[in-house]
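What follows is a single structure, written as structure tokens, with notes after it.
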Protein chains: 4
Amino acid sequence: MRHYRLTLSCPDRPGIIAAVSAFIAAHGGTIGESASHSEPDTRHFFMRQEILAASLPFGADGFRERFSAIASGFNMQWNISDSAQKKRMVMLASKQDHCLADLLYRWRSKEFDFDIPCVISNHEDLRSLAEWHGIPYIHVPLGPENKPAGHVKILDLCRQHKADAIVLARYMQILPDAFCAAYPNRIINIHHGLLPAFVGARPYHQAFERGVKQIGATCHYVTAELDAGPIIEQDVIRVDHSEAVEDLIRLGRDVEKTVLSRGVRYHVEDRVLVHGERTVVFR
Amino acid sequence: MRHYRLTLSCPDRPGIIAAVSAFIAAHGGTIGESASHSEPDTRHFFMRQEILAASLPFGADGFRERFSAIASGFNMQWNISDSAQKKRMVMLASKQDHCLADLLYRWRSKEFDFDIPCVISNHEDLRSLAEWHGIPYIHVPLGPENKPAGHVKILDLCRQHKADAIVLARYMQILPDAFCAAYPNRIINIHHGLLPAFVGARPYHQAFERGVKQIGATCHYVTAELDAGPIIEQDVIRVDHSEAVEDLIRLGRDVEKTVLSRGVRYHVEDRVLVHGERTVVFR
Amino acid sequence: MRHYRLTLSCPDRPGIIAAVSAFIAAHGGTIGESASHSEPDTRHFFMRQEILAASLPFGADGFRERFSAIASGFNMQWNISDSAQKKRMVMLASKQDHCLADLLYRWRSKEFDFDIPCVISNHEDLRSLAEWHGIPYIHVPLGPENKPAGHVKILDLCRQHKADAIVLARYMQILPDAFCAAYPNRIINIHHGLLPAFVGARPYHQAFERGVKQIGATCHYVTAELDAGPIIEQDVIRVDHSEAVEDLIRLGRDVEKTVLSRGVRYHVEDRVLVHGERTVVFR
Amino acid sequence: MRHYRLTLSCPDRPGIIAAVSAFIAAHGGTIGESASHSEPDTRHFFMRQEILAASLPFGADGFRERFSAIASGFNMQWNISDSAQKKRMVMLASKQDHCLADLLYRWRSKEFDFDIPCVISNHEDLRSLAEWHGIPYIHVPLGPENKPAGHVKILDLCRQHKADAIVLARYMQILPDAFCAAYPNRIINIHHGLLPAFVGARPYHQAFERGVKQIGATCHYVTAELDAGPIIEQDVIRVDHSEAVEDLIRLGRDVEKTVLSRGVRYHVEDRVLVHGERTVVFR
């Protein structure tokens, strides 16, 4: 059922939940999911509520106008989104297809709601996969000489396709700082290691060398600092001495795609609130 | 910090959160944890809020008086408890000590707040363990001829010790119906199988015979029907062919005590709301 | 690297490992993976060894001839298979595609070695998916009037396609006993419940009603008794009150496909030895 | 049942398993558990076998004499131990008792076989706990001025008590290099972070700051380099934004004690073979 998702954060003080829910109740709004969190140390407050669209006498714009006075009063960072407006998630991929194939599958089976305006890649390998799903595939070659120019072009393509957010589905390229800055907390990466362990290249090789008994993957927002952005989701799988590096890579793929798809779902359903270097995820 | 825990459930309709939080805000109440859930199928609503005791101008009794009009208006089942009033959890045990030892350890290390007025057992085996912790140990022999009488006595002891709830820490005896009825949703059992699989006796033997690859334990409230009460918590551990029944028993002990201690914590912190045969657990 | 997989089981007694490994060593064989298990209660012994094909002066047939005397001496049930002979796994599907799509992906990406001679379904829905992978899709309608005849036809098709084993990728139909008997321990099913809990139809609805906190899936060999065959693999995922039945179904799909793909891999790599109603799985 | 545990590692080549098992079979030995591993990259071979003591006509010393020629021929690093000779595990603790209490419980309930000749601590806090179990408690104060001397004394005490290995049950002190060198691969530590993440002090605070969604613990052998020794066992638990640092500490305790007790069990049952900076653990 169509609903609005209200997310907000502000300094904690008595009366926030009361003010917000009184506003919604005054307009006859029916609340579905509702969750809040107050961080004891920083005294910062976070909330997410789903309101049935049909229960309100106005739309998201009308909500925005009427709610802004309350929001100002509590000094809120806030947003309201409409579930009927599917988020446009541009996919960036390279040669490996497991994460892209998994997201395309979930999109095709309507597991959760989002649009994929296009897949952009620095290789031709995954064209057939995308096009079978009916999704435009754009090849932007990235040689050693034209990486900055190539990324300017990709950024342009994201804008042309009106991307709400960008998913790095094992994209394997480091984005320039200007690219990262253009979509703050809206570029979602999957790292094939349990951050902060195994930053950078070849995390499964690093994990094998160190002899760890658990490997994992991390879905996080991209910032200018490599593999250091706010973590959205992580998961692990047990391994032991019998697994060679290739086995870690094989087992890890399943964790990567699971963790990325969860992170993407949390993002498109407005479940993630970023606070500094940490996230609040209302699952 | 001392707080009141408000739990409630009622038929869902617009304005519940608004009414409750406006009431709290009107008295200057500061909300810590807050969680709610609306069950789509039954349209039933559940809520739990922690309110800082020092932020209110009255105590739990004062809250009760003032809040009852709101509660009636929404047809709420509700309760308010004071974290300073530790729940009195009487332990019933038999010969196996792993669950009792674990709970005594958590009590002693103040991992969460509860009192243990006494340990009651049909055997003498665990006396030293309880008494080292400074907790009275009461032996009530239960021969084949005096089980009903023995359980009448145990029920009397629970009442004398003002039990808020009773924990069956691998008690191994079936409680008479009248006993179950005396403490509805307040007798907590640990079953050494992942219910509804492996009801009744020797669940690890049953699991071994069936060749399962996951074994588990279930913490649930006791009802008159064996192993059928509302489930509070469950967890599992992976096993394979290399584990004999004795290994399942050994591995299972760790799951049992973890699951029971979580269930007891959820109960003493008023995190469990029972609705029919299911529970809402605000963890 | 090409290898032979020797699997055997027999009554346990001293000297089995010695006899087998002496035989292999006498012909210069290099052993890769090696695993054995002795079941204490039944005194039954199980072994699996991978032998590098290039290290032996003969092939699988030559091995069979020479080894049979040893096998008889120990009263072994045994088999040797050649990794170069990929197993032919016929897929039976219905309308739901998550398990089939997952297996096709793993086949296409050569995650492990097997062939899919065809996909057979009682519906047309998944034709495009199979054919994009270049795999023949055969539609065998199964109305209420022709189920037995339809299954005779499907069994014929399996034989025509020289199936080594059959995978029920959420096939949703009960196979006739004669069909089960034609491929003993070679029909692999995925059940969307953690057996022996939630046998039969609508296991997620059953799980929701019972209010469990863990849901799971079971990969097992099919026998004439519904959902009762030897279990190959199981896994679970945590759920709580916030998940409606549709959420259990959504979350369960990921467990189902993971568990089924593991089970299929164990089977095609000859890692599963069946003993009565239980399995030994050398992972 | 009393058994000998043979562990060995050597460069891989054909015939190792044959030679070892022929030797055992020639003396009528019955093999219980048996496991081997060949590391593809380094071509190094590892094996562990349990042999029923009663099935051999000689003891561990007799085995040692007769087997040494085979061992030399394959250039083996090897060991044979007798399950009847319980390993003497000296415990070093500080003020926190959860790991020590857990190990004492498992020792007392004979979950697996080991002796605890004494508990040594730089504080008096845990005396009562140890002494209730009937285990000598030795207090060695470690002020800023006498740490080196104190550790010389502790090392002496370990030798006097004929320690086979030393368990750091949340000991919280850095051992001098000479101490580490005295018991190579025989000092077992529990680190309250999922190494290599969160090395050093206050790992839960580090984990909280980084906003991770999984926290873990690591059991490893101690080397001169802090938190860098070979990893024996690791496990994790899911956390989210709702957990404050104190909650991570509370939840982490359960992981720490589980991981440490597994690591200790693997060590005392001779399941851990160290190879460079990695371990082979035959669970």
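Filter segment B:193-230 down to the residues that are in a strand (DSSP E or B) and closer than 20 Å to B:SER261 by Cβ and list them by number.
The answer is B:ILE215, B:GLY216, B:ALA217, B:THR218, B:CYS219, B:HIS220, B:TYR221.
Checking the conditions here, which among B:PHE58, B:PHE74, B:PHE63 is surrounded by 18 or more Cβ atoms within 10 Å (Cβ to Cβ) and more than 14 Å from chain A (Cβ to nearest Cβ)?
B:PHE63
Does any residue of segment C:124-144 turn out to be closer than 18 Å to C:ASN189 by Cα and of a type outside the set (A, V, I, L, M)?
No, that holds for no residue.
Do you know which residues across segment D:144-182 are touching a strand residue (DSSP E or B) at 6+ places or on another chain (Cβ under 6 Å) and of a type in the set (Phe, Trp, Tyr)?
Answer for segment D:144-182, where residues must be touching a strand residue (DSSP E or B) at 6+ places or on another chain (Cβ under 6 Å) and of a type in the set (Phe, Trp, Tyr): just D:TYR171.
Filter segment B:9-23 down to the residues that are within 17 Å of A:VAL20 (Cβ to Cβ) and more than 7 Å from chain A (Cβ to nearest Cβ) and list them by number.
Across segment B:9-23, the qualifying residues are B:ILE16, B:ALA19, B:VAL20, B:PHE23.
Are any residues in segment A:216-239 touching a helix residue (DSSP H, G or I) at 6+ places or on another chain (Cβ under 6 Å), of a type outside the set (Gly, Ala, Ser) and buried (at least 24 other Cβ atoms within 10 Å of the Cβ), and if so, which ones?
Selection gives A:CYS219, A:VAL222, A:ILE232, A:GLU233.
Within segment B:211-258, how many residues turn out to be farther than 30 Å from B:ASP270 by Cβ and of a type in the set (Ser, Thr, Tyr)?
1
Looking at segment C:240-257, which of the residues that are basic (Lys, Arg) and touching a residue at least 40 places away in the same chain (Cβ under 8 Å) is surrounded by the fewest Cβ atoms within 10 Å (Cβ to Cβ)?
That would be C:ARG253.
Restricting attention to segment C:179-199, which residues are surrounded by 23 or more Cβ atoms within 10 Å (Cβ to Cβ) and more than 14 Å from chain B (Cβ to nearest Cβ)?
C:ILE187, C:ILE188, C:ASN189, C:HIS192
Test C:GLU233 against the stated conditions and say whether it is within 9 Å of chain B (Cβ to nearest Cβ) and in a helix (DSSP H, G or I).
No, not satisfied.
Residues of segment A:236-283 being within 9 Å of chain D (Cβ to nearest Cβ) and under 22 Å from A:GLU39 (Cα atoms), which ones?
A:LEU273, A:HIS275, A:GLY276, A:GLU277, A:ARG278, A:THR279, A:VAL280, A:VAL281, A:PHE282, A:ARG283
Considering only residues that are in contact with a Cys (Cβ under 9 Å, 6 or more places away or on another chain) and in a helix (DSSP H, G or I), which ones fall in segment C:13-62?
Result: C:ILE16, single match.
Does segment B:79-108 hold any residues that are small (Gly, Ala, Ser), within 19 Å of B:ILE190 (Cα to Cα) and not in a strand (DSSP E or B), and which are they?
Hits for segment B:79-108 are B:SER94, B:ALA101.
Since C:ALA71 meets every condition but one in (1) farther than 30 Å from C:ILE154 by Cα; (2) free of Cβ contacts under 8 Å to residues at least 60 places away in the same chain; (3) outside any strand (DSSP E or B), which condition does it not meet?
(2)
Has segment C:33-48 got any residue that is assigned by TED's automatic domain parsing to the domain that holds C:LEU155, among the aromatic types (Phe, Trp, Tyr) and closer than 20 Å to C:TYR221 by Cβ?
Looking for residues that are assigned by TED's automatic domain parsing to the domain that holds C:LEU155, among the aromatic types (Phe, Trp, Tyr) and closer than 20 Å to C:TYR221 by Cβ, one finds none in segment C:33-48, hence no.
I want to confirm something. Restricting to segment A:96-123 and keeping residues that are more than 19 Å from A:ARG262 (Cβ to Cβ) and of a type in the set (A, V, I, L, M), which single residue is surrounded by the fewest Cβ atoms within 10 Å (Cβ to Cβ)?
Across segment A:96-123, the extreme among qualifying residues is A:ILE120.
Can you tell me how many residues in segment D:8-33 are within 28 Å of the chain's Cα centre (by Cα), more than 15 Å from C:PRO14 (Cα to Cα) and not β-branched (Val, Ile, Thr)?
Adding up the residues that qualify gives 5.
All but one of (1) closer than 16 Å to C:ARG186 by Cβ; (2) polar (S, T, N, Q); (3) assigned to a loop (DSSP other than H, G, I, E, B) hold for C:SER242; which doesn't?
That leaves (1) as the condition not met.
Report the residue count in segment A:20-34 for those that are buried (at least 21 other Cβ atoms within 10 Å of the Cβ) and farther than 17 Å from A:ALA54 by Cβ.
3
Under 6 Å between Cβ atoms, at least 6 apart or on separate chains: pull out the pairs that start in segment B:147-163 with a residue that is assigned by TED's automatic domain parsing to the domain that holds B:PHE114 and end on any residue that is basic (Lys, Arg).
B:LYS162/B:ARG88; B:ALA163/B:ARG88
Run D:SER38 past the list (1) within 22 Å of D:ARG283 (Cβ to Cβ); (2) more than 9 Å from every other protein chain (Cβ to nearest Cβ) and report the number of the one that doesn't hold.
Going through (1) within 22 Å of D:ARG283 (Cβ to Cβ); (2) more than 9 Å from every other protein chain (Cβ to nearest Cβ) one by one, D:SER38 breaks only (2).
For segment A:200-213: of the residues being under 19 Å from A:LEU175 (Cα atoms) and modelled with pLDDT of 95 or more, which is farthest from the other protein chains (Cβ to nearest Cβ)?
A:ARG202
Farther than 28 Å from B:HIS133 by Cβ and at pLDDT 95 or above, is that true of D:LYS153?
Yes, satisfied.
D:VAL140 - would you say it is within 20 Å of D:TYR183 (Cα to Cα) and surrounded by 19 or more Cβ atoms within 10 Å (Cβ to Cβ)?
The answer is no for D:VAL140.
The values are calculated or read from the model by the stated rules, or taken from the named source; none is laboratory data. For clarity, every value in this text was computed on a predicted model and none was experimentally measured. Cβ atoms come from the backbone with ideal geometry, glycine included; neighbour counts cover every protein chain shown.
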